[in-house]
Amino acid sequence: MSFAVTLMNWYREKGRDLPWRTTHDAYTIWLSEIILQQTRVEQGTPYFHRFLDAFPMVTKLAEASEDEILRLWQGLGYYSRARNMHKAAKMVVEDFGGKFPRAYKDVICLPGVGEYTAAAIASFSSNEPRAVVDGNVYRVLARYLGISVPINATQGKKMFAEIAQEMLDKHNPAIYNQAIMDFGALHCKPKNPLCEDCIFRMECVAFQEKLVEKLPVKLKGKGSRNRYFHYFIVLEDEQILMSKRGKGDVWTNLYEFPMIETMEDMSIPDLMAQADFVQYFEEDTALEYVGKQVKHVLSHQNIYARFYVVGDSGTLKNKKRGWNYYYCEKIDKLAKHKLIFSFLEKNVDLIAAKQL
DNA sequence: AAGACGGGGGG
DNA sequence: CCCCCAGTCTT
């Protein structure tokens, strides 16, 4: 029996029952695929329901404000996905009369839709024979065929794309694509794959050659860098000073407290000697720590954050200069803002206590 | 070709 | 601590 048929037989019996698999609606499929980019199914599923509930049709999403979309997206990460999603929705309204396209050549033009997502939408919605190549597919094919070419090098990407397309069952692209991804996610897992009970154990090159743990090969990138953030809590009449990241920033349109960043950790006196600090505050400004230093770990950077209550808000030199200031009406409304980091929200309690 | 981009879970 | 996840975009 062929690889494809064996795989699809496995899928019929062991495949997952996922909410977005019951539809052929390209908009719904697109929504799920954007959310699931680099995101585990369990993590993305609640967001999928939330978005579909808020925006049942692409026209609704296009009409929404970016603020509203980002707020719903909060906590999912890779925020450019949300911004691109909004742009794409507007493009669908403009260029396709509000009817979400299904063809690969059309959806690949939308921002945030790359080769994987375009193949997924095209195959799932209309059975266009395009093979998906995601992390699961790389792993399954690398092991089954014993390919040690790095999956994240240009040559490797090209090779795997070609092989995936050859392996695809052209008569059942939708089922096949979902089958190979489920097989990777549930059976041919990154760690502790279920090789002893595998339908392919006789043909799988990696298993026969004992290379399962070695494949796929992935070139490792650079490590993380450390960043030190100093957040200033400026209170005035039950209001709290917030700042909004501007255009061009990674965290565009997300909120945080006014802050300065330093290259290394430092004491309050050293911090007050920083040029940035002098620019914003008077020399006699009183700073007091709130809570302990927070370590926030991202994929490629470690953020060490300290919080300071600014003793007298009158010592702030110029509230319009440098920071994109914004007064939040009430401290408990902080949670309604799209904060950059979850730990900022957690510190609201500490700050509220300090306010008393 | 190489980096940047999040947050969560597993081993 | 390191790796991976229904990847894409920018430089």
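Taken together, the values in this text are just the output of simple stated rules run on the coordinates, not laboratory data. Keep in mind that what you see is a predicted model, and the values were worked out from it rather than measured. All Cβ positions, even for glycine, are placed from backbone atoms using ideal geometry, and neighbour counts span all protein chains on display.
Just a few scattered comments:
- In this structure, the residue pairs whose Cα-Cα separation is over 29 Å, taken from A:K87/A:K220; A:K87/A:K244; A:K191/A:K292; A:K158/A:K191; A:K60/A:K244; A:K105/A:K157, are A:K87/A:K220; A:K191/A:K292.
- Placing dummy labels 7 Å off each Cα toward the beta-carbon, the span from A:T154 to A:E203 is 3.3 nm.
- Around the Cα centre of the stretch A:80-182, unit charges on the Cβ atoms of Lys, Arg, Asp and Glu (plus for the first two, minus for the last two) sum to a dipole of about 280 debye.
- Residue-span extension gain [A:K60 to A:D270] - 0.36 nm each, minus C-alpha spacing: 70.5 nm
- Formal net charge of residues neighbouring A:S148 (Cβ-Cβ distance under 12 Å; K, R +1; D, E -1): +2
- If R0 equals 30 Å, the separation of the Cβ atoms of A:H24 and A:N253 corresponds to a calculated FRET efficiency of about 0.30.
- Full-stretch length increase - A:H49, A:L194 - with 0.36 nm per residue and alpha-carbon distance subtracted: 49.1 nm
- FRET efficiency, A:E282 to A:E68 (Cβ-Cβ, R0 25 Å, nearest 0.05): 0.05
- Simple point charges give the picture: +1 on the Cβ of Lys and Arg, -1 on the Cβ of Asp and Glu, and for the stretch A:3-214 a dipole about the Cα centre of about 300 debye.
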